[in-house]
Amino acid sequence: MGRVTWMLALRQLRSAPRQSALAASVVAVSVALVVFLNALIGGLQRRLLETTTGGIPHVVLEPAPREPLPVWVLRPSSDSVYVGTRSTRELRTRSIENWRGWVSWLEALDRDIAVVIPTVEGPGVLTRESRTEPIRIVGADPERFDRAFGLQQRLVAGRYVGLGGGEAVLGHRLADRLGLRLRDRFRVTSPVGTSTLLVAGIVRTGFSRLDDGVAFVTLRQAQSMLGLGTAVTTLSVRLRRPFAADRVADRIAPVAPFEARSWMRENRQLLAGLQAQSQSSFLIQFFVTLAAGFGIVSILITNVLARLREIGILRAMGATRSQILEVFALQGTLLALTGGLVGAGLGVSLALLFYQARASAAQPDLEVFPVDLNAGLVLGSVALSVVVGTLASLIPARQAAAVDPIRVIRST
Amino acid sequence: MESVLQLDRVCKLYTEGVPVWALRDVDLAVRPGEFVAVVGPSGSGKTTLLNIIGLLDRPTSGRVLLAGRDVSNLSENARSLLRRDLLGFVFQNYYLLPELTVVENVLLPLRLRGSVSARDRTRVEGLLDRVGLAAYARVFPSQLSGGQQQRVALIRALANDPTLVLADEPTGNLDSQSGRAVFDLMRELNRATAKSFIMVTHDERFATQADRVVRIEDGRIQPEAVTP
Ligand SMILES: Nc1ncnc2c1ncn2[C@@H]1O[C@H](COP(=O)(O)OP(=O)(O)OP(=O)(O)O)[C@@H](O)[C@H]1O
Ligand SMILES: [Mg+2]
C-alpha cells in the first residue's frame, strides 16, 4: 500500500469531519453493544455454569447396573424348579475393586481428563446430642479432591488437606443447624455401624447440596464406615473443558464396565436455555454489525459521489484503478478501526459501570453475577469491526475505481 | 527526428444516442519540443482528439503511437501507467485537489509513482518559484485566484517530467490578462524544458504564437493554410 493512498485517504477523511465522525460513531455504537452484550451474557453464563458444575464431577463413573439374572432354583427335596429373575437390588452394593488401575487408565485416556478421583459415597445419619440429620458421606483422598473442587480455599475454619482418620469436614449450614464447631465430636450411623468423628473443618462451597448435608472424610474412613473394604463406589472425573463431558463419557462407556454419566446430559434444560440465549445474543450482534456495515457503505458512497471529479483527475494523472480502490477501502478500514477502538472502550466502561451499579445496589443474598471481560473479546470485536468496515467499503471503493475519467471531467 | 506522438487515420464514433463521428481519419505527428495549437468550432472534436491522445479514450479505428510505441490496444492499467509517466494534463477548470496544499498538489503525480526524490522535489519547487508561487506552497488552492490556480496546475502537469503536455482550453476560464500570463508561461516552459505541448484554444492570438496550428472541422483536420 502506497504512501500516497494513505495521504489521500486521511485527507479525505479530514476534509469531511462530520461524515467521518458519523461513520465512526455508527461503528463505535455497534462495537460497544457487541462488547457489552458479550460481557454480560458471558458473565451470566459463566456464573450459571459454575453454579451447576463447580461442585460436581463432570463425568461420574459407577459400576454398570447389572441385568437381572435369571435363576433356576432346583429344590432337591421336591420335583419342582423355581424359575425367575433375581432382582438387581440384591446386588446393590456395587463397588469398584481394582480402581487404581482404572484411575491411571482413565488419566491417560483423554487429554481433557484433568483428574480422576476415586470416591466413596454413601448415606449416613449424623447424631449430635438428641438431634439427627441424614447426610451423605463423601470419602476421597483430600489432596486429589481438593485439586478438583478447591475445598481448602473455601474453608470457614480448620483444614481439609491433611485430614486424618476419624476427622471430617462439614458443610457450614449443616454445622450451624447442629451447633457444631471446630474440634466438636459427633456420631455417624451408616448401614454398617456407628463411628465417632471430630470436626476438623467447616466449609462454605456456595453449593447448597454440599453446604447442607455432606461430611467429607478420608477415603479409608468412608470405606470402613460403609463396609467397602478397599473398594470405592465412584470414579469422579473432572475435565479441563466442562463441555467435553458428553464426548468423554461416550468414549469411556463402551470400553469400560462403567455407567458414565455426563453433567451435560443431566442438565439438558439448562444447557438448552443457555444455548437459546447465546443464539439470540448472536443474532442481535449479527444484525447490529450488519447495520454498521451498511452505515459505512452509505456514508462512503456519498463520499465517492461527492468526489467523482477528483477521482477522474487522479485517474488522468495516472492513478491506477487499484490505487483508487485503496484510497476508499482504506477510509473504510480507518473509520472502522477508530470507531472500533472507541466502541470497545465504551463497551468496557459500560459493562464495568453496570457491574458496579449492581454490586452496590445488591442485597447481601442477592447474587451479583460478574461481567466477563477479556482481551480476546475486546480485540476480537475491534478486529471484527475492521473486517466488516473494510468489506463494506469495498462496495463504494469499487464504484470509485470504475469511474471513467472522461465522463466526470467533461461534465463541467 | 522521431515523433513524440503520431496518429494514423484515427476515427472516433460515439454510439450513445445518435451516432456521431467525432473524428474522421485524423493523421497527426508532433515533434519533440513542438508547441501545437488545436483550433476549431465548438463540437468539432477537439476534446475528443485530446482524450484519445491522452489515453483517456480509445479510437474506434486507427493507430496511436506515443514515444514510438503503439498504445492503441493497451490494457487499462498500462494506459494509467503511461499517463503517469509520459503525459501531463491541464484542464480548463484547473482541477486542483481541494484538500491538498499547493506543493502537495504539484507533487502528487510523483507520489503516485512512489516516493519523491530530493532531486524531483527541488526541480518542482524550482518550477513553482519560476511561476512566482513559491510563497504559496503551503496554501490551499481555494485561497488562490484562477490564474494562480492554473499556473499551479501547469506545474503539476510538468512534475512527472512528461514528454507531452495536453491542455484543453487552459485559458478558457481566465480573464484575458491572466489568460495571457498562463499562455506565456506555457510557451516559456515549453522552450525551457523542450517538452511538446498540444493546446486546444479558441483564442486566435495564442494560436498564432504556436509552432503550428491544427484546424479541426467536423472531426476532420483541415489542410494547413498557407501563411501569407
Ligand atoms: N461521450 C459522448 N457521447 C456522444 N457524443 C459525444 C460524446 N462526447 C462528445 N460527443 C460529440 O462528439 C462531437 C465532438 O465533441 P468534442 O467535445 O470533442 O468537441 P469540442 O471540439 O471539444 O467542442 P468544444 O469546443 O465545445 O469543447 C460533438 O458532436 C459531441 O456532441
Ligand atoms: Mg472541448
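At-a-glance table
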{"quantity": "Contour excess over end-to-end distance, with Cα ends at A:D404 and A:V192 and 0.36 nm allotted per residue", "calculated": "66.8 nm"}
{"quantity": "Probe 1.4 Å, accessible area per residue of the protein assembly as shown, Å²", "calculated": "48"}
{"quantity": "Average other protein chain Cβ within 10 Å of Cβ, residues B:92-99", "calculated": "5"}
{"quantity": "Residue-span extension gain [B:Q177 to B:R130] - 0.36 nm each, minus C-alpha spacing", "calculated": "15.1 nm"}
{"quantity": "Computed E for A:L270/A:A359 - FRET, C-beta separation, R0 30 angstrom, nearest 0.05", "calculated": "0.75"}
{"quantity": "Global form of segment A:184-252, assessed from the alpha-carbon gyration tensor, a/c cut-off 1.5", "calculated": "oblate"}
{"quantity": "Packing-based order for A:8-15, A:32-39, using average beta carbon neighbours within 10 Å, highest first", "calculated": "A:32-39, A:8-15"}
{"quantity": "Measure of compaction for chain A (Cα Rg per 2.2 N^0.38 Å)", "calculated": "1.53"}
{"quantity": "Total accessible surface hidden between B and A, rounded to 100 Å², 1.4 Å probe", "calculated": "2400"}
{"quantity": "Within 10 Å of each Cβ in B:107-118, the average number of Cβ atoms from other chains", "calculated": "4"}
{"quantity": "Alpha-carbon centroids, segment A:208-280 and segment A:1-44: separation in whole Å", "calculated": "47"}
{"quantity": "Ellipticity estimate at 222 nm from DSSP helix runs (n ≥ 4, -39,500 (n - 2.57)) divided over chain A, nearest 500", "calculated": "-18000 deg cm²/dmol"}
{"quantity": "Global geometry of segment A:285-392, whether rounded, prolate or oblate, following the gyration tensor of its Cα atoms and the 1.5 cut on a/c", "calculated": "prolate"}
{"quantity": "Gain upon complete extension [A:F282, A:R47; 0.36 nm per residue less C-alpha separation]", "calculated": "82.7 nm"}
{"quantity": "Surface share of carbon and sulfur [accessible, 1.4 angstrom probe, percent] for segment B:79-228", "calculated": "48"}
{"quantity": "Burial ranking of peptide ranges B:58-68, B:197-207 (average Cβ count within 10 Å, highest at the top)", "calculated": "B:197-207, B:58-68"}
{"quantity": "Approximate spin-label separation B:E217-B:D161, in nm, with each point projected 7 Å along Cα-to-Cβ", "calculated": "4.4"}
{"quantity": "Hydrodynamic radius by Kirkwood, which averages 1/r over all alpha carbon pairs of segment A:170-312, in angstrom", "calculated": "21.4"}
{"quantity": "Residue-averaged beta-carbon neighbours from other chains (10 angstrom radius) around A:318-327", "calculated": "4"}
{"quantity": "Size of charge dipole - chain A - debye, nearest 20, with Cβ of Lys, Arg +1 and Asp, Glu -1, no other charges", "calculated": "1060"}
{"quantity": "Most to least accessible of A:T119, B:T47 (protein chains only, probe 1.4 Å)", "calculated": "B:T47, A:T119"}
{"quantity": "Label point at A:F243 placed 7 Å out along Cα→Cβ; residues across segment A:26-52 whose backbone nitrogen lies under 14 Å", "calculated": "A:42-43, A:45-47, A:49-50"}
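The values are calculated or read from the model by the stated rules, or taken from the named source; none is laboratory data. If you're wondering where the values come from, they're calculated on a predicted model, not measured in any experiment. Note that we place each Cβ from the backbone using ideal geometry, even for glycine, and neighbour counts take in every protein chain shown. What goes into the accessible areas is simple: the full protein's heavy atoms, side chains included, and nothing from ligands, DNA or RNA. Shrake-Rupley method; radii C 1.70, N 1.55, O 1.52, S 1.80 Å.
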